[in-house]
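Since every read-out is calculated from the coordinates, none of them should be taken as a lab result. Model, not experiment: these values are computed from the prediction. We place every Cβ from the backbone using ideal geometry, glycine too, and count neighbours over all the protein chains shown.
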Amino acid sequence: MENQIAPLLIGALAGDIIGSRFERYNIKSTEFDLFQRSSHFTDDTVLTIATAESILNKSSIVEAFQKYGRRYPNAGYGGTFYRWIFEENPQPYNSWGNGSAMRVSPVGHAYSSEEEVLEQAKKSAEVSHNHEEGIKGAQATAMCVFLARMGHSKDEIRRYVESNFGYDLSISLDEIRPNYYFDVSCQGSVPHAIRAFLESKDFESAIRLAISIGGDSDTIACISGGIAQAYYKYIPEEIVQGVLERLPSELLDVVLQFDEKYNLRQA
């Protein structure tokens, strides 16, 4: 299949959907079918699209998360966040979980300066994930997307993340993979997702590498996929179509609206 410049957000959603069937059944390999009948979107996709809609409408991120969370209550949220979705007055609960990072990629696409990206990533995280690690994971992910779309090299992205967020990105996936286990913390998954992007040679290899380490596969691949799309721009047609055919129309509509407003690619 030929590569194509895909609508924004497809990269993150592809990581989620392709990784969905490996979340509880890890595969320590890059050799696997990208899609099977069981491949499906999860909370990573739902909340990424909720973030995108709140940016598009300049509306409350809390309202967006609750709106989409209630529409898709079985998408696989963590227990505390699931309860948060249905609360009348939801409050942050000091989470350091990687949920703040998996939903943040739209921020990296929508804003035009480092200061704005950092501020908006923090705002998107702290409504639930107000622990410093939860905020840091969201900011690091959003900045990787931002720097990648602005044309920075992988080495520049790596140096920025290590200098500003303290993540150690020097450890190879080959070293990580044998003993890596299910870890839903930002500090235990975001650096590895970034490392998968850094080791990749194209979009598809970023997804395969992210899934290959095991752990919270859909979220790690969602984070890595969002960064990889911003960097490589091109996604194989097979992957784009695999995502599009698995999205309900209301979710796809937001993807297309977000792309129309924020994708500045040349025709």
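Restricting to DSSP loop positions (anything but H, G, I, E, B) with no more than 10 other Cβ atoms inside 10 Å of their own Cβ, which trypsin sites (Lys or Arg not before Pro) remain in the stretch 44-94?
Sites meeting the loop and neighbour criteria: K58.
Using only alpha carbon pairs under 8 Å that are at least six residues apart, calculate the relative contact order of the stretch 3-259 and give it in whole percent. Show your work: numbers first, answer last.
Values: 476 pairs, mean separation 86.7, N = 257.
Across the stretch 3-259, relative contact order equals 34 percent.
Go through the stretch 100-113 residue by residue and turn each phi into a ³J(HN,Hα) via Karplus (6.51, -1.76, 1.60, θ = phi - 60°); whole Hz please, and just put x for glycine and proline.
Those phi angles translate into 5, 7, 6, 9, 9, 4, x, 4, x, 8, 8, 10, 10, 9 Hz.
Tell me which residues come under 5 Å, amide H to amide H, from G97 once H is placed; ignore anything under 5 positions away on its chain.
Under 5 Å from the amide H of G97 lie the amide H atoms of C186, each far enough along the sequence or on another chain.
Sort 161-167, 174-180, 129-135 by packing, meaning the average of other beta carbons within 10 Å per residue, with the highest value first. Walk me through the intermediate numbers first.
Numbers: 161-167: 16.4, 174-180: 12.9, 129-135: 20.7.
Top to bottom by mean Cβ count within 10 Å: 129-135, 161-167, 174-180.
Taking the Cβ of each residue in D216, D259 as the centre, tally the other Cβ atoms inside 10 Å and list the residues starting with the fewest.
Numbers: D216 29, D259 18.
Least crowded to most crowded, the residues run D259, D216.
Along each of the three principal axes of the Cα atoms of the chain, give the extent in whole Å, ordering the values from largest to smallest.
Answer, in whole Å and largest first: 45, 38, 37 Å.
Along the stretch 155-160, what does the Karplus equation 6.51 cos²θ - 1.76 cosθ + 1.60 (θ = phi - 60°) give for ³J(HN,Hα), rounded to whole Hz, x for Gly and Pro?
Residue by residue, the stretch 155-160 yields 5, 5, 5, 4, 5, 4 Hz.
Name the most mobile residue of I171, I207, I61, meaning the one with the largest mean-square fluctuation, in a Gaussian network model of the chain with Cα contacts below 10 Å.
Of I171, I207, I61, the most mobile in the Gaussian network model is I171.
Run the count for the chain, please: Lys pairs, Cα-Cα under 24 angstrom, 8 or more apart or on different chains.
19
Take the Cα atoms of the stretch 220-259, find their three principal axes, and give me the spread along each one in whole Å, biggest first.
In descending order, the Cα extents are 26, 21, 19 Å.
Order by neighbour count: M102, M143, M150, fewest other Cβ atoms within 10 Å first, most last. Mind showing how you got there, number by number?
Numbers: M102 33, M143 24, M150 13.
Lowest to highest Cβ neighbour count: M150, M143, M102.
Taking neighbour counts of Cβ atoms within 10 Å as a proxy for exposure, in what order, fewest first, do Y234, Y181, Y262, Y72 appear?
Values: Y234 14, Y181 10, Y262 17, Y72 22.
Lowest count first: Y181, Y234, Y262, Y72.
Give me the log10 of I(q) over I(0) for the stretch 133-233 at q = 0.10 Å⁻¹, as the Debye formula computes it from C-alpha points; what are the numbers?
-0.21
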